[in-house]
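The values are calculated or read from the model by the stated rules, or taken from the named source; none is laboratory data. Everything quoted here is computed from the prediction, not taken from an experiment. So basically every Cβ, Gly included, is an ideal-geometry build from the backbone, and we count neighbours across all protein chains shown. Note: accessible area is taken over every heavy atom of the protein model, side chains too, but ligands, DNA and RNA are not part of it. Shrake-Rupley method; radii C 1.70, N 1.55, O 1.52, S 1.80 Å.
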Amino acid sequence: MAGKKHTAIILAAGKGARMNSDVPKQFLELGGKPVICYALQAFEESFVDEIILVTEAGMEDYCRSEIVEKYGFLKVSQITAGGEERYDSVYRGLCAISDCDYVYIHDGARPFVDKDILLRAKQCVEETDACAAGMPVKDTIKVVDDLNFVAETPERRHVWQMQTPQAFAYAVVREAYDKLFDSYDLTGITDDAMVVERSLSHPVKLFEGSYRNMKITTPEDLALAERMLDL
Ligand code: CTP
Ligand code: MG
């Protein structure tokens, strides 16, 4: 697969409502530097050719001077304004790419993505054109009805919790997102795999992320991430 171009979209346009902080969580400090720097560093050191950083409109200059230039991320080729929902931000990132073969979509709020996860993503996307990081759940999962009565207990080995990166052949994910926005059926979209499943019925393969590859969502997650830096 020599000569193929690999581009990452790193998402940092969320407002972080569940974090309850004035500063969006991706810019809060973790181990002395902003949370977003960890994901950027992992991609910077990887096989990825180019990084599109998606941030809230109005935060582009801050990201350029305080993140990209300050920490010397040379692969960040564009800083693009995101949108209201995660899928809007992803779509803006996809539209900002002029040409690439594979795209890796990653939550900037997941600092523990690493070299091995990225290599598994590369291998899997080159084989399948559509794949996503996840891990088998550790707890038993119940599906409940509107009154919280158990409707179903899926077999645990068949239930995975989803993570990022989620990686796709560019043409596949672009077509899926174009169709999504044409249809206006945007309800309940929380990851990119769903868009490809729903819009194209294209199979999506899961590969192992890691149990470390958590998303910082609430204040206790940030405290946990701080502790995990030493593990
Ligand atoms: N994200 C984004 N644009 C949005 C919403 C989310 O780029 N409109 C990004 C976030 O910055 C984060 C990732 O998508 O890196 C995962 O989203 P989530 O954890 O839900 O972050 P927030 O939406 O910021 O948090 P909350 O849902 O608590 O408001
Ligand atoms: Mg959100």
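Once the Cβ-Cβ distance between GLU29 and GLU84 is put in as r, and R0 is 25 Å, what FRET efficiency do you end up with, to the nearest 0.05? Step by step, r from the Cβ atoms, then E = 0.40. What shape does region 1-97 take by its C-alpha gyration tensor, where a ≥ b ≥ c are the square roots of the eigenvalues and a/c under 1.5 counts as rounded, a/b above b/c as prolate, and the rest as oblate? Verdict is oblate for region 1-97. Extension gain, PHE149 to CYS95: 0.36 nm times the residue separation minus the Cα-Cα distance gives 15.2 nm. Gain on full extension, evaluated as 0.36 nm per residue between GLU45 and TYR184 minus their Cα-Cα distance, stands at 46.3 nm. The mean accessible area for residues of region 157-219, using a 1.4 Å probe and ignoring ligands and nucleic acids, is 50 Å² per residue. By the beta carbon rule, with partners counted only under 4.7 Å, the chain holds these lone Cys residues: CYS37, CYS63, CYS95, CYS100. Qualifying GluC sites (Glu not before Pro) in region 1-75, where qualification requires a DSSP coil assignment and no more than 13 other C-beta atoms within 10 Å, comprise GLU45.
DSSP assigns beta bridges within region 2-109; of those with both partners inside it, close to 10 percent run antiparallel. When peptides 113-119, 101-107 are ranked by their average number of other Cβ atoms within 10 Å per residue, the highest-first order is 101-107, 113-119. Taking every DSSP helix (H) stretch of at least 4 residues in the chain, weighting each as -39,500 (n - 2.57) and dividing the sum by the residue count yields a mean residue ellipticity at 222 nm of -9000 deg cm²/dmol. Extension gain for TYR71 to LEU229 (0.36 nm times residue separation, less C-alpha to C-alpha distance): 55.0 nm. Apolar share of the accessible surface for region 6-158: 45 percent from carbon plus sulfur atoms, 1.4 Å probe.
Counted over the chain, the DSSP beta bridges are approximately 40% antiparallel.
As a quick test, which of the pairs LYS25/LYS70; LYS15/LYS142; LYS122/LYS205; LYS15/LYS122; LYS75/LYS115; LYS5/LYS122 have an alpha carbon distance above 21 angstrom in this structure? Over 21 Å apart, Cα to Cα: LYS15/LYS142; LYS15/LYS122.
Per residue, region 1-50 exposes 44 Å² of solvent-accessible protein surface, assessed with a 1.4 angstrom probe and all protein chains in place.
Placing +1 on each Lys and Arg Cβ and -1 on each Asp and Glu Cβ, with no other charges, gives region 185-231 a dipole about its Cα centre of roughly 120 debye.
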